[in-house]
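**Q** What follows is a structure written as structure tokens; I'll ask about it next.
The values are calculated or read from the model by the stated rules, or taken from the named source; none is laboratory data. Small disclaimer: the values here were computed from a predicted structure and weren't measured. Virtual Cβ from ideal backbone geometry, glycine too; neighbours counted across all protein chains shown.
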Amino acid sequence: MSTLMTAEKVKAARLSIISNTSLVLVKLIIGILMGSVAVLSEAIHSGLDLLASIVAFYAVGKAGKPADERHPYGHGKWENVSGVVEALLILAAALYIMYEAVTRFTNGSQVEHLGLGTAVMAVSAIVNWFMSGYLFRVAKSTQSIALEADAWHLRADVYTSVGVLAGLALIAITNITWLDSVAAIAVALLIIKSAFDLTRDSMGDLFDKRLPVEDEAKIKEIFSRYQGGCIRFHRLRSRKSGSMRFIDLHLVVPRKWSIEEAHNLGDTIEKDILEALPNTQVIIHIDPCNKSLEPCSCGS
């Protein structure tokens, strides 16, 4: 992974920390002034987003380190580990929010300063919409699962902020304060869903799940340009570690070919794969065509 790409990811993670820190402080102050469990739940949500941003910042820095003797495949899975950690953090926050909401619903509560709550939720939604969009763009260009997870956190924050806004609006219209607790529970359920999705995606790469169907389709399309006669490929395997892809396969070539001819074809195919799928390590094993094992139109 290039130093420039790592620097871009670190810059994005640092900006996310700054943004989340500001939102946590504002939501916490306004939530306390209002006595609103929904706004306080959003402060907790943003607090977990802040912690997740810190984890992502640390992870992208570690993942950007080059391969070494102890880690010949690099350090990319730090990003996957950070995704799992972030998911557990937001799950814990969701459970706490639900506990507080049920407690307030049971014991009753008074929500004040609705105008302040509406303003802070609107500002939060706007800031997180643009911040998450920026993180999504950087995550896509750098293939960073840690930044993608951080982006989804902030995008979920947008939706939950809108949900709290709706709850506050209903309170203003109906004067039914328990709607605040209902809005908080809705926030918690959305957080739980994002935690589940993030855990699934991060754990998949930790257990060497194959690349997405669209990525493998690109590989097969590249091979279709060259295969024919006795040139074929098989035993395709793929996995991902952080932003790095790893692909290995067997390439069948004519038995009469020289080592140099087979090597050159392998290099050409590898170059095509790298153009289609950046941040990829490709290992190609050369097999001579063997009539006795599989159909082959080449001579022995």
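**Q** Quick check on the stretch 144-183: of everything there that is outside any helix (DSSP H, G or I) and over 28 Å from residue 244 (Cα atoms), which residue is modelled with the lowest pLDDT?
**A** Step one: filter the stretch 144-183 for residues outside any helix (DSSP H, G or I), giving 144, 175-178.
Narrowing further to those that are over 28 Å from residue 244 (Cα atoms): 175-178.
Values: 175: 72, 176: 72, 177: 66, 178: 71.
Filtering the stretch 144-183 for residues that are outside any helix (DSSP H, G or I) and over 28 Å from residue 244 (Cα atoms), the one modelled with the lowest pLDDT comes out as 177.
**Q** Before we move on, is residue 154 closer than 19 Å to residue 89 by Cα, buried (at least 24 other Cβ atoms within 10 Å of the Cβ) and either among the acidic types (Asp, Glu) or in the same structural domain as residue 55 (by TED's automatic domain parsing) (or both)? Before you say what the answer is, go through the steps one by one.
**A** Working: closer than 19 Å to residue 89 by Cα: yes; buried (at least 24 other Cβ atoms within 10 Å of the Cβ): yes; either among the acidic types (Asp, Glu) or in the same structural domain as residue 55 (by TED's automatic domain parsing) (or both): yes.
Criteria met by residue 154.
**Q** Filtering the stretch 41-61 down to residues that are of a type in the set (A, V, I, L, M) and closer than 13 Å to residue 23 by Cα, which residue is surrounded by the fewest Cβ atoms within 10 Å (Cβ to Cβ)?
**A** So in the stretch 41-61, the residues of a type in the set (A, V, I, L, M) come out as 43-44, 48, 50-52, 54-56, 59-60.
Going one step further and asking which of them are closer than 13 Å to residue 23 by Cα, we end up with 43-44, 48, 50-51.
Numbers: 43: 23, 44: 26, 48: 25, 50: 21, 51: 19.
Among those residues, the one meeting the criterion is 51.
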